[in-house]
Amino acid sequence: MTTLSKARDSFVLFPLGKKRFALLAEGVSELARQRLHGEDEQQTFPHTTRMLTGVIVRRNQIIPIADIAPALIGPEIPERKFYLIVNLTARGKISRAAVPVTGECELAEAERLPANGKLPPYVSGLLSVNDELVEVLDLERLMSAEVRA
Amino acid sequence: MNSSRSSSSDRLRAKSGEAVILFSVGGSRFAIAASAVEEIRDLSGLQKISLGMSNPRFEKVKQLLERQGRNYFVVDSCEHFRLAMTRPSRLLVLRHAAAGVVVDGIDSILELHAIQALPRAFSGEERNWYRGLALVNGKVVPVVKPEAFLSKTDVVLLQASMRSSEAAAGIGILG
């Protein structure tokens, strides 16, 4: 069930293809540049979890990379050069994930509107930003939906 | 934006200066506790076996090693980790059960001082495969659970299956 806040919250807006999506800003800890070598270099090892494409090491912490773009916009994915480092909460514990984005992110304050029934369950609300409707993502739901898919 | 860090419980301490063996499979590197390995040897003496079991969990067991009067079931690590077929050159004989695992090669033996818990976002079979993740010269190396290759119970089931196959064929293979 979607919880709605009447107050204006802060959101991080980011484009994927021709659409923009939003995450609650309080769940985003930083924007990091992707690198080919050294820290923030994508590393991989065998696993079977869908959507996770590898890990990065950031300040000695190993952070999984959650590539949500294919699930949201399909296979034609633009080049992403940054990671949004986000906090995920599972069973009361916080963990982090790195979401690849193009980098053209925007911090916006807006009122979250209710998501209508036709939207996927990982859309927790909608933002009206300059005549554009932006879907607010519930990353935990998106990732668990992907696992079940 | 808020700054937040994961709880320190995500970082596991390795048994102080735990010795591990780094090995490679299909281009990936892994670590296994040195204390979990009885012997590292070449592939001589391996016999192909066909278990004829319907359990897909045991499809990765394709060979048998007779060692010191005991039969060891040998796991193909590529099948275990769902990797493309490679050319193994070494066998790790495991200590916890009559089991072994063929790997492409042994890289080195070193001491780990910390192992990080596998991030919770990993929710697949890897939760069973790995004790955690270690950083070795800036590279992330999964530390494997030896019993994930084959548990003691798995070995008992495999031995039973072999015995019934022998009985059916009237040939004695198991010692």
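Just so you know, all these numbers are worked out from the coordinates, no wet-lab data involved. Being a predicted model, the structure only gives us computed values, none of them experimental. Quick reminder, even Gly has a Cβ in these numbers, built from the backbone with ideal geometry, and neighbours come from all protein chains shown.
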task = Could you work out the local net charge near B:R82, counting Lys and Arg as +1, Asp and Glu as -1, over the other residues with Cβ closer than 14 Å to its Cβ?
result = -2
request  = Estimate the FRET efficiency between B:E66 and B:N128 by the formula 1/(1 + (r/R0)^6), using the beta-carbon distance for r and 25 Å for R0, to the nearest 0.05.
outcome  = 0.30
key: Of B:A121, B:A160, B:A148, the one that fluctuates the most in a GNM where chain B has Cα springs shorter than 10 Å   = B:A121
request  = Partner chain Cβ atoms within 10 Å, averaged over the residues of B:127-140 - can you pull that number for me?
outcome  = 3
request  = Determine which residues of region A:100-114 fall in the zone a paramagnetic label at A:E132 would reach in this model, i.e. backbone nitrogen under 15 Å from the point 7 Å along Cα→Cβ.
outcome  = A:102-110
Of B:K62/B:K145; B:K60/B:K139; A:K81/B:K145; B:K48/B:K152; A:K18/A:K118, those spanning more than 32 Å from alpha-carbon to alpha-carbon = A:K81/B:K145
ask   = If you take the square roots of the eigenvalues of the alpha-carbon gyration tensor of the protein assembly as shown and sort them as a ≥ b ≥ c, do you get rounded (a/c under 1.5), prolate (a/b over b/c) or oblate?
value = prolate
request  = Add +1 for every Lys or Arg and -1 for every Asp or Glu among the other residues with Cβ under 13 Å from the Cβ of B:E125, and state the total.
outcome  = +4
inquiry  = Test of the criteria: in region A:6-84, which chymotrypsin sites (Phe, Trp or Tyr not before Pro) are in a DSSP loop and have at most 10 other Cβ atoms within 10 angstrom of their Cβ?
reply    = none
remark   = Checked chain A against the a/c 1.5 cut and the a/b vs b/c comparison, axes a ≥ b ≥ c from its Cα gyration tensor; verdict prolate
message = Given R₀ = 56 Å, what would the calculated FRET efficiency be for B:E111 paired with A:S10, taking r from the Cβ atoms and rounding to 0.05?
response = 0.80
key: Estimated distance in nm for a label pair at B:R87 and B:D42, the labels positioned 7 Å out from Cα along Cα-to-Cβ   = 1.4
request  = Starting from the Cα-Cα distance between B:S16 and B:E59, subtract it from 0.36 nm times their residue separation and give me the gain in nm to one decimal.
outcome  = 11.8 nm
remark   = Expressed in angstrom and rounded, the centroid-to-centroid distance over alpha carbons for region B:105-175 and region A:66-108 is 32
query = For chain A, the longest stretch holding no trypsin sites (Lys or Arg not before Pro) located in a DSSP loop with at most 13 other Cβ atoms within 10 Å is which?
reply = A:19-58
task = Report, for the protein assembly as shown, the % of DSSP beta bridges that are antiparallel, rounded to 5.
result = 90
task = Considering Cα pairs under 8 angstrom that are at least six residues apart, work out the relative contact order of chain A and quote it in whole percent.
result = 28
